[in-house]
Structure formats: C-alpha cells, structure tokens
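To start, the structure itself, in structure tokens.
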Amino acid sequence: MTQLLNGNKLAIDIRKEISKEIEKSIRNKKKRLPHLGIILLGTNSSSLTYVNSKIQECKNIGIESSLIHLPNDSSERELLKEIKKMNNNPLIDGFIVQLPLQKHINSDKIIMSINPRKDVDGFHPENFGKMSLDMKAFFPATALGILTILERYKIEISGKHTVVVGRSRIVGRPISILMSRKNYLGNSTVTLTHSQTPNIDYYTKQADIIITAVGIPGFLTGKMIKEGAIVIDVGITKITNGKKSFLKGDVDFNSVYGKASYLTPVPGGVGPMTRIMLIKNTLIAALNNENK
Ligand code: NAP
C-alpha cells in the first residue's frame, strides 16, 4: 500500500500557522507586514508562472510583495542596480532573483550580490555554507519543503539511506546536505547521484528514501526501487498534448504506486510546499528585521 504525501493539504496547514504568527507577532504589535521582493528578467513562460504563483501566495497570506520586471536584454549592471536597491530598502525584508537567468548574465555574481540576511531563497554562499556547517540559515525553499513533508508525516530520516538523483544548486545538492546534517531532521546516510553516475538503479534499489530532481518525466520506475521505499518526486515537466497540457513528475507513477510506502504526487506534492516555504523564509527575515 502506498500512502500519497499531500503537499497541498500540508501547505494549507502551514499557511494557517504563518497567518497566526503574523497576527500575533506583527499585526497585534502594529508592526509593518512582511514584504517579499521579486526580480524577474524576461518573459520565460515557466519563470512567469512561478513568479505569479509566488505573488499569489503572498496575497493569500496577506503579506506584501513587489515585482521588478526587467526586459529580457537587460544588462548585468542593470540587474545589479536593482539588487542594490532591494538590499538597501529597509521596507523589503527578503527578496529573490527568479532563476534561471539569461546566458549573458553571470548567475554566481548575481547571487553573491544579494545581502545574505535578505536571501530568502537561501542560495547565497553564506547561507549555503552555514547550511553545510549545521548552522542556522535560510534554506532553499524546495529542500525545506521536502524536509517539512517528511517531518509532518513523521517519516524517520535518521539512520536511513537516502539516494538523491540530481545535484542542482536549487534542489539536489541542498537536500543532500540537509538530509545528512548532524541535526534534528537529518542524520541520514546520503548518496548523491547525477547524470555521470553509471547504473543509477544500483543505488536507488538500496535506498530507504529516494528524492528525484532530474526533470525527465517517468525517469524513476518501480523496477528501480525496493519494496516499501519512500519516494519524493520533485520533477515537474509540462507536457502538451494538442490543446491540453498537464504536469508530469520524474516518477513513473503507475509502476511506483503500490511498491513504495510513501510517494509525493505531481502535482500536489513538493510544488505547493516550495511556495509556502519561501513565504516562511520571508516571515523569518521580517521577524529578524523587526528585532534589529
Ligand atoms: P537541473 O538544474 O536541470 O538539474 C537536473 C539534475 O539532474 C542535474 O544534476 C543532472 O545531472 C541530473 N540528471 C540529468 N539527467 C540525468 C540522468 N539521466 N540520470 C541522473 N541524473 C540526471 O534541474 P533542477 O532545477 O534541479 O530541477 C529538476 C526538476 O525539478 C525539474 O523538473 C524542475 O522543474 C523541478 N523542480 C521542481 C520544484 C518544485 O517545487 N517541485 C522546484 C525546483 C525544480 P548533472 O549535474 O550531471 O547535469
């Protein structure tokens, strides 16, 4: 029997918790509402969808958001200028630069220019380094969302063997670090695999927990997992069939469902948790800001 891990429901619960916290620590004390800044370059349709859903999430919770939308051909200098403005604006508690960036922009330089205390995406090396050193930091939203799903469903991580497929900076690498931290919600033995790993199924068949962040629909099949494995599907690929389009994960649902003990569906698994974790990070940034 496979239990589906309902990210939609968890996100609703967490949204209520965040709203309560805002009521208690901000509205009741007549303080300014948390404010998330978003910088978007260009009109990539996936990026536009992600940004719109983040703005919508802010509206749902009742926090402020500001979008700076720059043309596709904006220079690195123009982008850095907007980042500087966000860094220096005391009314912006945290902000993100929507990734991926265009080829003519040096993403490393952009991420490095964000004030780590406002880096609610958790991509700045200071936050990433702290995360790796078991210290308090902003953690990337998707990785935090995955950890929260495991925590809320009371799935034991400690002592388990986790195999992560994909090593991107935004998902695979941070979740591999978080799962292995010497910390509450960690202590897993982690194998990080990627496109250069031969015979991936050799590793996935041994895994108690598998986290796939590859972006290849149906990549992980039932034959690649052991009976009772916990499977977290991060992948989201939009498939268009004539006029219809739908989202597909990295997991071949039909062969994995029934063999895994737990599985995140796509859509409705990790995706909604990613959005709400960004808001949670923004609230933390706002509370830190208020404390100054
Ligand atoms: P990415 O930057 O393209 O990274 C993909 C990773 O998969 C890379 O590490 C790559 O290896 C690895 N890979 C590619 N082909 C492989 C193969 N055949 N076998 C094993 N590993 C392979 O992608 P990403 O940004 O991490 O996103 C991955 C997926 O998650 C996408 O579908 C994306 O839309 C989705 N996503 C979902 C959420 C959410 O909230 N649910 C958030 C972010 C991303 P190399 O490093 O060797 O190239």
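The values are calculated or read from the model by the stated rules, or taken from the named source; none is laboratory data. What you see is a predicted model; the values in this text were computed from it and never measured. Reconstructed Cβ throughout: ideal geometry from the backbone, glycine too, with neighbour counts over all protein chains shown.
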Could you say whether any residue in region 254-261 is of a type in the set (A, V, I, L, M, F, W, C), more than 23 Å from residue 13 (Cα to Cα) and surrounded by 15 or more Cβ atoms within 10 Å (Cβ to Cβ)?
yes
Tally, over region 134-173, of residues that are away from the ligand (no atom under 11 Å from the Cβ), outside any helix (DSSP H, G or I) and not hydrophobic (A, V, I, L, M, F, W, C):
10
Limited to region 21-42, what total is found for residues that are part of a loop (DSSP other than H, G, I, E, B) and touching a strand residue (DSSP E or B) at 6+ places or on another chain (Cβ under 9 Å)?
4
Unique match (being in contact with a Lys or Arg (Cβ under 6 Å, 6 or more places away or on another chain) and surrounded by 16 or more Cβ atoms within 10 Å (Cβ to Cβ)) among 94, 37
94
Filter region 178-206 for residues that are touching a strand residue (DSSP E or B) at 6+ places or on another chain (Cβ under 8 Å) and assigned to a helix (DSSP H, G or I); the one that is nearest to the ligand (Cβ to nearest atom) is 200
What pairs come out if I take residues in region 164-181 that are free of Cβ contacts under 8 Å to residues at least 12 places away in the same chain and pair them with residues that are within 6 Å of the ligand (Cβ to nearest atom) whose C-beta lies under 7 Å away, six or more apart or interchain?
none
Contacts under 7 angstrom Cβ, first residue in region 84-104 being over 19 Å from residue 58 (Cβ atoms), partner of a type outside the set (Phe, Trp, Tyr) and assigned to a helix (DSSP H, G or I), 6 or more apart
87/118; 101/107; 101/110
If you go through 204, 221, 197, 189, the only one that is surrounded by 17 or more Cβ atoms within 10 Å (Cβ to Cβ), over 16 Å from the mean Cα position of the chain (by Cα) and of a type in the set (S, T, N, Q) is 204
Consider only pairs whose beta carbons are under 7 Å apart and that are at least six residues apart or on different chains; among these, list those whose first residue lies in region 31-54 and is at negative phi and at pLDDT 95 or above and whose second residue is among the small types (Gly, Ala, Ser) and assigned to a helix (DSSP H, G or I).
34/286; 40/47
Please specify each residue of region 59-80 satisfying the condition of being assigned to a loop (DSSP other than H, G, I, E, B) and either under 24 Å from residue 105 (Cα atoms) or at pLDDT 95 or above (or both).
63, 71, 72, 73, 74, 75
Residue count, region 207-218, condition surrounded by fewer than 24 Cβ atoms within 10 Å (Cβ to Cβ), within 10 Å of the ligand (Cβ to nearest atom) and either assigned by TED's automatic domain parsing to the domain that holds residue 47 or of a type outside the set (Val, Ile, Thr) (or both), comes to 2
